[in-house]
1. Is it the case that residue 256 is buried (at least 18 other Cβ atoms within 10 Å of the Cβ) and within 15 Å of ligand 2 (Cβ to nearest atom)?
2. Counting just the residues of segment 259-285 that are assigned to a loop (DSSP other than H, G, I, E, B) and within 14 Å of ligand 2 (Cβ to nearest atom), which one comes out nearest to the chain's Cα centre (by Cα)?
3. Residue pairs, Cβ under 9 Å, 6 or more apart or interchain, first in segment 298-322 and outside the structural domain of residue 21 (by TED's automatic domain parsing), second buried (at least 19 other Cβ atoms within 10 Å of the Cβ). List them.
4. Filter segment 199-230 down to the residues that are without any contact (Cβ under 8 Å) to a residue 12 or more places away in the chain and in contact with a helix residue (DSSP H, G or I) (Cβ under 7 Å, 6 or more places away or on another chain) and list them by number.
5. Check residue 88 against each of (1) more than 11 Å from ligand 1 (Cβ to nearest atom); (2) in contact with a strand residue (DSSP E or B) (Cβ under 8 Å, 6 or more places away or on another chain); (3) free of Cβ contacts under 8 Å to residues at least 40 places away in the same chain and name the one condition it does not meet.
6. Quick check, is residue 284 more than 23 Å from residue 122 (Cα to Cα) and within 8 Å of ligand 1 (Cβ to nearest atom)?
7. Regarding segment 243-252, can at least one residue be identified that is in contact (Cβ under 8 Å) with a residue 40 or more places away in the chain and not in a helix (DSSP H, G or I)?
8. Just wondering, is there one or more residues in segment 293-301 that are in contact with a strand residue (DSSP E or B) (Cβ under 8 Å, 6 or more places away or on another chain), modelled with pLDDT of 95 or more and not in a helix (DSSP H, G or I)?
Ligand code: NAD
Ligand code: IPM
Ligand code: MN
């Protein structure tokens, strides 16, 4: 039997609620797989108590884990960006999560707000860059609070960083039936960064003659997400564009409560971190209203990452079966949904 060191960061708002259900399902699917869990008290409460977001000592402990499950961070009582940058982005950057993997897939029986769209029409994977772009924190503010304040926020893009995420996206595209990869950027305005992505796409693409590539500006991409989602198979894009289009992706594929993600370190020099795409949802926190499905699907991605593909497929199937019957079941609480999926997984 195999034992895996799993770090759990429940975080804020609905984070702990959905993580509890994710762990329930993980427990149900485990079999002779065991998870040695360590839960980390990070987020708003810790910050209020100690001023810490992600201390070096905790980061060092996380490095020793094999994989991480995160709920969500961010709270209205904490200045915006404190936890998002200090905890979530710090973890992604320090653990070199250069691939932010975000599948956008419509499950059978799930409602999409798009008219005339069949289940198979929405099935894409967004490979979002995770360690560069406008997220690095490069920039600053001059003459703050004056009428002449200047705020700059640079987009940092390196040949090394772009090549590794583009290469990963080609691998994903090559593994899928359609073998199509779309670069989404804004190369008509962000000419330096866009051109770097374009050249890298062309160069790396020579190693993947079986993959067709094309390019779509990000503004047009948001339009195609809602007008013709079947246009996309695999997308590679920068950190900020990827953030934005995957919320649209979530909306067209049944809602933010279903959207899963992985912050992946493909070189395995540090643990990867799996989390729902959504945030801490302060508006519904503590009411048992949060949909834990995104977290459960993130658990499936986690299982895939650690080489437990069979377990991952069982979790996905259980979710798919649950989703197919949802419309008929009426409103259920967070834990009722978790229980139902866990029960299906146990057989
Ligand atoms: P959000 O995703 O938390 O909420 C947006 C809307 O979606 C809200 O109406 C919320 O109730 C709903 N929603 C989200 N998850 C849901 C679920 N599982 N089930 C049902 N409904 C759900 O985004 P926001 O409101 O922009 O941000 C709230 C806080 O979360 C902010 O502090 C933000 O910085 C943070 N945030 C964190 C992450 C993360 O930890 N990865 C991601 C996004 C936002
Ligand atoms: C996400 C979130 C984060 C991001 C924030 C909270 C830093 O929106 O995971 O999508 O922008 O990456
Ligand atoms: Mn986001």
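1. Numbers: buried (at least 18 other Cβ atoms within 10 Å of the Cβ): yes; within 15 Å of ligand 2 (Cβ to nearest atom): yes.
So residue 256 passes the test.
2. In the first step, residues of segment 259-285 are kept if they are assigned to a loop (DSSP other than H, G, I, E, B); the result is 259, 265-271, 277-285.
From the residues that got through so far, the ones that are within 14 Å of ligand 2 (Cβ to nearest atom) too are 259, 277-282.
Working: 259: 8, 277: 5, 278: 9, 279: 11, 280: 14, 281: 16, 282: 19 Å.
Selected residue: 277.
3. Note: no pairs meet the criteria.
4. 224
5. (1)
6. Details: more than 23 Å from residue 122 (Cα to Cα): yes; within 8 Å of ligand 1 (Cβ to nearest atom): yes.
Answer is yes for this residue.
7. Kept after step one, since they are in contact (Cβ under 8 Å) with a residue 40 or more places away in the chain, are these residues of segment 243-252: 243, 245-246, 249-252.
Within this subset, residues satisfying the condition of being not in a helix (DSSP H, G or I) are none.
No; the residues of segment 243-252 include none that is in contact (Cβ under 8 Å) with a residue 40 or more places away in the chain and not in a helix (DSSP H, G or I).
8. No: segment 293-301 contains no residue that is in contact with a strand residue (DSSP E or B) (Cβ under 8 Å, 6 or more places away or on another chain), modelled with pLDDT of 95 or more and not in a helix (DSSP H, G or I).
The values are calculated or read from the model by the stated rules, or taken from the named source; none is laboratory data. Everything numeric here is computed off the predicted structure, so don't read it as measured data. Please note: Cβ atoms are built from the backbone with ideal geometry, for glycine as well, and neighbour counts cover all protein chains shown.
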